[in-house]
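Participant: Below you'll find the structure I mean.
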Amino acid sequence: MSADFSLNTKETTPASASGPRIPGSTLGRIGLGALVPLLVLVLWQSATSLGWVTSAQLPSPTSVYSAAVDLIGRGELGTHIGISTQRVLVGFAIGAVLGLGFGALVGLSRLADALLGPTIGAIRAVPSLAWVPLLILWMKIGEDSKITLIAIGAFFPVFTTVYLALRHVDKNLIEAGRAFGLKGIKLLTTIQLPAVVPAIFSGLRLALAQAWLFLVAAELIASSMGLGFLLTDSQNNGRIDRLILAIILLAVIGKATDALVGLAERWAVRRWA
Amino acid sequence: MTSTLDHPTFVAPTSVSSNALRVTFQGVGRSFGGREVLHDVDLEVTPGEVVAILGPSGCGKSTLLRSVSGLDQPSAGQVLIDGTAVNGLDTRCAVAFQEPRLLPWKSVTNNVSLGLPAGTDRTTGAARIAELLELVELDAYSDLRPREISGGMAQRVSLARALARRPGVLLLDEPFGALDALTRLKMQDLLLDIHSAYPTTVLLVTHDVDEALQLADRIVVLGRPDGATAATVTQLLTVPGSRPRNRNDESLGRMRSSLLASLGVDAHRH
C-alpha cells in the first residue's frame, strides 16, 4: 500500500509545453516573409526600366522613393502619417472599448441579447460607406465624423468575438466554478472573463485592421490631411508616384500595427489559454 | 517528489477535525422532460462512511450525486445533509468531476485555492494548500499550469481543490474513469490515504466494480427493476473487511461476480 502511494512514475512527468514547430529560426522566418515583397520590387523595377509599362501607368521604385523624399522635405508626409495614425488609434480605442462593453453585456445576459442582439446585427449589416453622408451631415467634415466612422469599424469585430466567446465558455468550467460557490461578478471575473481573453485579443487584431480600412474610407471622401487624402489628391493631380507611395505606406503601417497587436495576442494566448 | 518516498506512511495533519456529515436521501426522484430517470431513492449514509454508487451508464448515478451538491434539484423527495435539506448549491459539499475541470490560466496552487471556502484568510489558505499539495504529491509542481501536467496529476489537483473546502461531504463523480488502468489503481490508494487523513463522508460514483470493492464501506447498486423505466436502489451491500483490502481476496471475488451479474455482465467470461 505504502509503496503504491508514490505516484512518481513516468506518466506523471509534465507534458512538453512546446507547440507545433515552425520551420527555421525567427530570422529565417522574417527572411522568408520578405522574399515575396523583394521579388515584387525586382519585377517592378524591371518592368519600368525595361519599358514593359509607361511611367504614366507605373512609375519606377526610384521615382516613388524621390516622391517620398520630396514630401518629407516639405514636411507633409509626417503630417499625413501622423494624423492618419492618430485617427486610427483614437477611433480604434473608442470602438474597442464599446465593443468590449456591449459584447460582454449581450454575451452574458439573455435579456440584453434578446433586447439588443437584433438591432446590433442590423447596424452591422450597413456597409461602412453608407454612414459617411450621415456622419458628415451630423458632425460636419472634421475629426469627429472620421473618428466616429473608424470607431464603428472597430466596434463590430470586438463585439462579435467577445459575444461569441462568452457564449462558448466551457460549460464544465462554469459548473465547476458554481460547485465551488462562485456566482455573479465573482464567477465572471474568475472564470468567464479570463476564459475569453485570447478571443478578445484576436477581436482587437481584427478591429485594428478594420480601423485602417474605415480610415481610408473616411479620408477619401472628406479630408484635407492624411493618407486617404494623399490618395485622392494624388489622383486629382495625376501624381501616380505619390499614389503608390500612399498605398505602400498604408500597407507598411497597417502591417506594423498588426504585428504589435499580434505580439500582444501571442502573449495573451500563452498567459490565458 | 523523491522526498515523498522517505516517509512511506502518511501522518494525518493535526489541524484536521473530523467534520464528516450524514447524508440522507428521502424518496429522491428525478425526471427530465417527463421521462423519469430516478425513482424513490432512499439511502442513509453515516458520517465518515465511503459509499460507492454503482450502476450501468445512463442510470442516473451522476444525477443522484448532483442532487447532493445542489447542482441539480430532485423532482421528488429531498436530500438532507446533517439533517437539513439541500436547497441550492451546498457549501458543505465539494465535488471532483470525471474531468479535472481546472482553469487553464491558473497555476496548480491557484487552482487548488479556488476550492477554499469564501473568507479563508490568506495565511490559513496558503498553509492548507501547501499541506494538500503535499498530500497529493504535487508540491514540486505547484507553479505549473494544468496543460503542463499529466491527466493523473490534473485529477489529483482536482481532488486537492475539493479537499481545500474541508467538505463535510466529498462527492466524486467517476473521478478516475478517464485515467489509464495503472494510474487509476494508484489514485484509488491515494484516495484511501486522503480519507484516513481527512475522514469525511465520501460518495463515489463509479462504473468500475473493482474500484467500488476496493474503496467503499458499502456499495449501492442503481438499476431499473424489471419493467420499470426509472432506476432506483436495487442492492445495498456492505463490503467485508477493512481497507486497504487485498485486491485478490476471495470473498471480494464472489461479491465481484454477483455485482457484475446484477449489472448484466457474465462474470465467468471476465
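The values are calculated or read from the model by the stated rules, or taken from the named source; none is laboratory data. For clarity, every value in this text was computed on a predicted model and none was experimentally measured. Quick reminder, even Gly has a Cβ in these numbers, built from the backbone with ideal geometry, and neighbours come from all protein chains shown. Ligands, DNA and RNA are stripped out before the accessible areas are found, and what is left, the full protein with its side chains, is counted by its heavy atoms. Shrake-Rupley method; radii C 1.70, N 1.55, O 1.52, S 1.80 Å.
Participant: How many residues, within the range B:79-111, are of a type in the set (G, A, S) and farther than 19 Å from B:F176 by Cβ? Even if it seems obvious, please write down each step before you answer.
Facilitator: Just the residues of the range B:79-111 that are of a type in the set (G, A, S), to begin with: B:83, B:85, B:88, B:94, B:96, B:107.
Narrowing further to those that are farther than 19 Å from B:F176 by Cβ: B:83, B:85, B:88, B:107.
The total comes to 4.
Participant: Another one. Which of the helices (runs of 4 or more DSSP H) found entirely inside the range B:102-197 contain at least 2 residues meeting this: touching a strand residue (DSSP E or B) at 6+ places or on another chain (Cβ under 8 Å) and at pLDDT 90 or above?
Facilitator: On the way: elements: B:108-113, B:122-135, B:151-163, B:181-197.
Counting at least 2 such residues, we get B:151-163.
Participant: Okay, moving on. Return the pair list, or none, for Cβ contacts closer than 6 Å from residues in the range B:141-154 that are without any contact (Cβ under 8 Å) to a residue 40 or more places away in the chain to residues that are of a type in the set (D, E, K, R), at least 6 apart or on different chains.
Facilitator: Hits for this filter: B:S150/A:E11.
Participant: Further, regarding this structure: Considering only residues that are open to solvent by 80 Å² or more (accessible area, probe 1.4 Å) and within 14 Å of another protein chain (Cβ to nearest Cβ), look in the range A:14-49 and name the one that is modelled with the highest pLDDT.
Facilitator: Per the criteria, the residue is A:S18.
Participant: While we're here: For A:K171, all conditions in the list (1) at pLDDT 90 or above; (2) closer than 19 Å to A:A93 by Cα; (3) open to solvent by 30 Å² or more (accessible area, probe 1.4 Å) hold save one; what is the number of the exception?
Facilitator: Answer for A:K171: the failing condition is (2).
Participant: Then there's this: For the range B:94-130, which positions are facing chain A (nearest Cβ under 7 Å) and either under 20 Å from the mean Cα position of the chain (by Cα) or of a type outside the set (A, V, I, L, M, F, W, C) (or both)? I'd like the intermediate steps shown before the answer.
Facilitator: Going residue by residue through the range B:94-130, those that are facing chain A (nearest Cβ under 7 Å) are B:95, B:97, B:99, B:101, B:103-105, B:114-115, B:118.
Selection gives B:V95, B:F97, B:E99, B:R101, B:P104, B:L114, B:G115.
Participant: Taking only pairs six or more apart or across chains, which ones have beta-carbon atoms under 8 Å, a first residue in the range B:212-233 that is acidic (D, E), and a second residue that is in a loop (DSSP other than H, G, I, E, B)?
Facilitator: Taking only residues 6 or more apart or on different chains, the pairs are B:D217/B:E49; B:D217/B:V239.
Participant: So, one more: If I ask for residues that are β-branched (V, I, T), more than 10 Å from every other protein chain (Cβ to nearest Cβ) and open to solvent by 20 Å² or more (accessible area, probe 1.4 Å), which ones from the range A:195-209 would you list?
Facilitator: Residues of the range A:195-209 β-branched (V, I, T): A:196-197, A:200.
If we keep only those that are more than 10 Å from every other protein chain (Cβ to nearest Cβ) too, we end up with A:196, A:200.
Of everything in the range A:195-209, just one residue is β-branched (V, I, T), more than 10 Å from every other protein chain (Cβ to nearest Cβ) and open to solvent by 20 Å² or more (accessible area, probe 1.4 Å), namely A:I200.
Participant: Let me ask you something else. Would you check which residues across the range A:173-194 are more than 31 Å from the chain's Cα centre (by Cα) and facing chain B (nearest Cβ under 7 Å) and list them? If you could, list the steps in order and put the result at the bottom.
Facilitator: Of the range A:173-194, the ones more than 31 Å from the chain's Cα centre (by Cα) are A:175-184.
Correct list: A:E175, A:A176, A:R178, A:A179, A:F180, A:G181.
Participant: Still on this model: Looking only at the range B:71-93, count every residue that is surrounded by fewer than 20 Cβ atoms within 10 Å (Cβ to Cβ), within 14 Å of chain A (Cβ to nearest Cβ) and assigned to a strand (DSSP E or B) and tell me the total. Reasoning before the result, please.
Facilitator: If we filter the range B:71-93 for residues that are surrounded by fewer than 20 Cβ atoms within 10 Å (Cβ to Cβ), which is where we start, we get B:72-73, B:75-78, B:80, B:82-85, B:87-89, B:91.
If we keep only those that are within 14 Å of chain A (Cβ to nearest Cβ) too, we end up with B:72-73, B:88-89, B:91.
Checking which are assigned to a strand (DSSP E or B) leaves us with none.
The number of residues fulfilling the criteria is 0.
Participant: Listed residues B:L237, B:L182; which is more than 14 Å from chain A (Cβ to nearest Cβ), touching a Ser or Thr at 6+ places or on another chain (Cβ under 9 Å) and open to solvent by 20 Å² or more (accessible area, probe 1.4 Å)?
Facilitator: Going through B:L237, B:L182 in turn, just one is more than 14 Å from chain A (Cβ to nearest Cβ), touching a Ser or Thr at 6+ places or on another chain (Cβ under 9 Å) and open to solvent by 20 Å² or more (accessible area, probe 1.4 Å): B:L237.
Participant: Can you name the residue in the range B:132-161 that is more than 24 Å from B:S69 (Cβ to Cβ) and more than 10 Å from chain A (Cβ to nearest Cβ) and is also farthest from the chain's Cα centre (by Cα) among such residues?
Facilitator: B:D143
Table: residues versus (1) polar (S, T, N, Q); (2) open to solvent by less than 40 Å² (accessible area, probe 1.4 Å).
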{"position": "A:L188", "(1), (2)": "no, yes"}
{"position": "A:Q192", "(1), (2)": "yes, yes"}
{"position": "A:A211", "(1), (2)": "no, yes"}
{"position": "A:F214", "(1), (2)": "no, yes"}
{"position": "A:A217", "(1), (2)": "no, yes"}
{"position": "A:T232", "(1), (2)": "yes, yes"}
{"position": "A:R239", "(1), (2)": "no, no"}
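Participant: Of everything in the range B:251-270, what is of a type outside the set (A, V, I, L, M, F, W, C), at pLDDT 80 or above and more than 21 Å from the chain's Cα centre (by Cα)? Give them in sequence order. Break it down into steps so the answer makes sense when it comes.
Facilitator: Residues of the range B:251-270 that are of a type outside the set (A, V, I, L, M, F, W, C), as a first pass: B:251, B:253-254, B:256-258, B:262, B:264, B:266, B:268-270.
Remaining after also requiring at pLDDT 80 or above: B:251, B:253-254, B:256-258, B:262.
Within the range B:251-270, B:S251, B:G253, B:R254, B:S257, B:S258, B:S262 meet the criteria.
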